[in-house]
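The values are calculated or read from the model by the stated rules, or taken from the named source; none is laboratory data. Here the structure is a predicted model, which means the values were calculated and not measured. Here the Cβ positions follow ideal geometry from the backbone for every residue, glycine too, while neighbour counts run over all protein chains shown. With ligands, DNA and RNA removed, areas are computed over all heavy atoms of the protein, side chains included. Shrake-Rupley method; radii C 1.70, N 1.55, O 1.52, S 1.80 Å.
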Number of protein chains: 2
Amino acid sequence: MSIIVQKFGGSSVADAECIKRVANRVVETKRKGHQVVTVVSAMGDSTDHLIDLAKQVSKNPSVREMDMLLSTGEQVSISLLAMAIHALGEPVISLTGPQAGIKTDGVFSKARIMDITSSRLEKELDEGKIVIVAGFQGITIDNDITTLGRGGSDTTAVALAAALKAEICEIYTDVDGVYTTDPRLVKNAKKLNTITYDEMLELASLGAQVLQPRSVEFGKIHKVKIHVRSSFNHEEGTIVQEVSDMENDIVVSGVAFDKKSVRFTVYDVPDRPGVAKDIFKTLADKSINVDMIVQISREGSLNDITFTLDRDQMEEALRVMKEVIVKIGAKDVTCDDDVAKVSIVGAGMITNFGVAADMFDALAEEKINIELISTSEIKISVLVRKDQCEKAVRKLIDKFDLAEDSIKSIE
Amino acid sequence: MSIIVQKFGGSSVADAECIKRVANRVVETKRKGHQVVTVVSAMGDSTDHLIDLAKQVSKNPSVREMDMLLSTGEQVSISLLAMAIHALGEPVISLTGPQAGIKTDGVFSKARIMDITSSRLEKELDEGKIVIVAGFQGITIDNDITTLGRGGSDTTAVALAAALKAEICEIYTDVDGVYTTDPRLVKNAKKLNTITYDEMLELASLGAQVLQPRSVEFGKIHKVKIHVRSSFNHEEGTIVQEVSDMENDIVVSGVAFDKKSVRFTVYDVPDRPGVAKDIFKTLADKSINVDMIVQISREGSLNDITFTLDRDQMEEALRVMKEVIVKIGAKDVTCDDDVAKVSIVGAGMITNFGVAADMFDALAEEKINIELISTSEIKISVLVRKDQCEKAVRKLIDKFDLAEDSIKSIE
């Protein structure tokens, strides 16, 4: 009998009614003749409530105790979902991350799964039970409870699918699948039937919130077929897998955008070794993640260095940079949050050298000025003025034929 | 260094402010030079909230899943208390029941502690940490989470004190200690400095809600000195121990009463073997707990049988009994909930035969009619009309010199 791992996020189990709906969906899968393992997150905003409680007792709570606290959220969900499934007459058991044998390293609040001891899981499946597993959590070798960090339930599901050699890992979410771009922005964005792990990784790290990047990495390493689909209907979603059977001749798979990018420019940086290190090491030491980096050489001995980072870290980065420019002898630093990053992603790009030119050409047609360019093997990102972001995305969707030619485009 | 186990109930950790107050109290004990293990219950009404959620998803939730659900309540408390203590600058760690090595049988919702593997606890204490343990929960040999049932945190605390050979187990509560009778009824009830386990057991089972009876049994078996005291002040409370040092010449320690007793009478029961069994076995099969039983023999071949039980089970018991009397050939059954049970308790009674007579004499002086009498080695209970309960308790407090001769009596 084939094993199917299903994962439902916090919004899918937000209240008793939602939980009952998920219970029906799980039972349906079981009755189709599969063995089912279901991973769930904490109910709706229960995690926020717990974080709020922690802040009331301590300004700076220890990460170990935060993990102890937050892991209760998923434990509540799994027990309630098990009760709801039991009420439908199916044998079922809930397991915490530790009980499910999910062993992690000891990095509290963002632990990584090291190993899964699946004997308990297999025993319960063999007894004909649906097994409900708490996402987002595991246990260290010292028997301490850890959490996997943001979106960790996706990783739990994919890791369990790998350990159990599941036929597929279904990630249920509030969207129908992975789109060529954000359907909230571009109404006729096209749903992709399949996508490769690498494409999904680029899309995820570029702001598409469908799947946690670490879960995709895990899927890629262990060759777990991931099906991203809606919990509100029975439509097929998007399959993430190594070879994109149907669409491997498609060069560009999607267009991503990020309106939270901030551009920093450091002026008149002395042209000597170690200067770039001084800047980016100092930012890294403060846990500030820098995204695109471009250095513009000019005549003479002074350069400008430009980079982008997330708006949430803008103030801190600016404070840090004001100290750094004194140290390295640069003239000034400015930051500009009126920008947006627009990216095209596609595994086919590696062998299609004209893609970048096509992209720049399309943007030029719309008189969109490109302020910064950054490329990887399967991605090209550009920085544009924020008010031109939407126009750029629509143009690229057209250019690379990524729109859905369906009734949707009339909306 | 001596180990002190402290237990704080749900009302002591009801919100962030309460948790900070408990944190101060725990740190205070540590700074006096003790090793401290603190057991806490779930916050205030959080357990009720979880039960409510369970009812929304299932009419008849499985007990295993209920334990999975309810055990999260204590896990929230321990992590928050650990954070609050950490904020005060003391090294601290929280442990769930399973992490603290509390092994139970597999009777979900009312599991019994079978063993405590205290190696983790001892390691953390040796490292100078305050250890916060989740009350009310443990783990089976199959790695399933269990709860100990109502008041289980008291049992957790006493069991840990036994396993760690603690100097004392302090139970913090919202009363100052154990009183000779309910101070809400009798203003000048006297606080006892010490009481024996047996006396405490009788008082607890007679309705005094200070300590969970199973925790007292555990204390008696493992000779754990239990200090019942207030979390709102630093007054000495009541010590529960084997030999009541100061008061072992006191015959009667306290007066308990229970206004929730209901009296059943079965009339004209045929006088043949097996009839009593038919009645009480049938009630036991329906999980109806019978308290006092008295059979009144009369001339000829028909008897009356009288017994008491809790009002919560009155309707069901009456339904059951109406069937039973047909089966055994009795004439009728009646029930009367206008009664109250009044009891005197004291280890000294065993060697003081006149106590019962003194009790009946005192009640007669007040013209209180005794409807039923039941006795044990250290307890005498009588059933009286409900409106005479208070008068009976006051009289017995006077008779056995159990009042506080203090300013309190003026209130």
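Miscellaneous remarks
- Filter pass, B:Ile325 being of a type in the set (A, V, I, L, M, F, W, C), touching a strand residue (DSSP E or B) at 6+ places or on another chain (Cβ under 6 Å) and open to solvent by 60 Å² or more (accessible area, probe 1.4 Å): no
- For segment A:77-88, filtering for residues that are surrounded by fewer than 24 Cβ atoms within 10 Å (Cβ to Cβ) and either closer than 21 Å to A:Glu122 by Cα or at the interface with another protein chain (Cβ under 8 Å from one of its Cβ atoms) (or both) leaves 2.
- Test: B:Asp105 is within 25 Å of B:Ala162 (Cα to Cα) and either acidic (Asp, Glu) or more than 14 Å from chain A (Cβ to nearest Cβ) (or both): yes
- Out of A:Ser109, A:Ser41, A:Ser71, A:Ser58, one residue alone is open to solvent by 20 Å² or more (accessible area, probe 1.4 Å), within 30 Å of B:Ala87 (Cα to Cα) and of a type in the set (Ser, Thr, Tyr). It is A:Ser109.
- Of all residues in segment B:56-72, those that are within 8 Å of chain A (Cβ to nearest Cβ) and in a helix (DSSP H, G or I) total 9.
- Some residue of segment A:124-132 being without any contact (Cβ under 8 Å) to a residue 24 or more places away in the chain and in a helix (DSSP H, G or I): yes
- Filter pass, B:Asp291 being in a strand (DSSP E or B), surrounded by 12 or more Cβ atoms within 10 Å (Cβ to Cβ) and without any contact (Cβ under 8 Å) to a residue 40 or more places away in the chain: no
- Residue in segment A:45-55 that is most open to solvent (accessible area, probe 1.4 Å), counting only those that are more than 8 Å from chain B (Cβ to nearest Cβ) and assigned to a helix (DSSP H, G or I): A:Lys55
Conditions tested, residue by residue: (1) farther than 25 Å from B:Ser109 by Cα; (2) modelled with pLDDT under 95; (3) not basic (Lys, Arg).
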site: A:Arg31; (1), (2), (3): yes, no, no
site: A:Gln35; (1), (2), (3): yes, no, yes
site: A:Ser71; (1), (2), (3): no, no, yes
site: A:Met83; (1), (2), (3): no, no, yes
site: A:Val92; (1), (2), (3): no, no, yes
site: A:Arg112; (1), (2), (3): yes, yes, no
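- Residue check, B:Ala100 over 17 Å from A:Val76 (Cα atoms), assigned to a loop (DSSP other than H, G, I, E, B) and open to solvent by less than 10 Å² (accessible area, probe 1.4 Å): yes
- Within segment B:1-37, being basic (Lys, Arg) and not in a strand (DSSP E or B) holds for B:Lys20, B:Arg21, B:Arg25, B:Lys30, B:Arg31, B:Lys32.
- Counting only strands (runs of 3 or more DSSP E) that sit completely within segment B:296-411, those holding 3 or more residues that are within 24 Å of B:Phe264 (Cβ to Cβ) and modelled with pLDDT of 85 or more correspond to B:302-310, B:332-336, B:339-345, B:379-385.
- Among the residues listed as A:Gly106, A:Gly177, A:Gly97, A:Gly138, the single one being at positive phi and not aliphatic (A, V, I, L, M): A:Gly177
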